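Structure, as structure tokens:
Values in this text are rule-based calculations from the coordinates and carry no lab data. Please read all numbers here as calculations on a predicted model, not as lab measurements. Positions of Cβ are backbone-derived with ideal geometry, glycine not excepted, and every protein chain shown enters the neighbour counts.
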């Protein structure tokens, strides 16, 4: 009768894997774990929210101050230019 014998490569395939072996490195050895993808996703979302809430909101506030200053400067009646300029710089310092 015939005796079935399993080849050594099938019994222990890990011994054939490695940088200088026949099969080389395992196929998925260099993939990034799923937890790392999740952490990167959370980081990107938080960074986007921070930029939107802190930086862009601050920019819009200062832009509004500049627009008001330009409007006041163009329609000065009783105030002098220096008074308007003082108010402008005071607001900039206050919101910065």
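Things worth noting here:
- Packing-based ranking of 65-71, 18-24, 4-10 yields 65-71, 18-24, 4-10, ordered from highest to lowest mean Cβ neighbour count within 10 Å.
- FRET efficiency estimate (nearest 0.05) - Cβ-Cβ, residue 38 to residue 61, R0 30 angstrom: 0.30
- Were the residues from residue 16 through residue 92 laid out at 0.36 nm apart, the gain over their Cα-Cα distance would be 20.5 nm.
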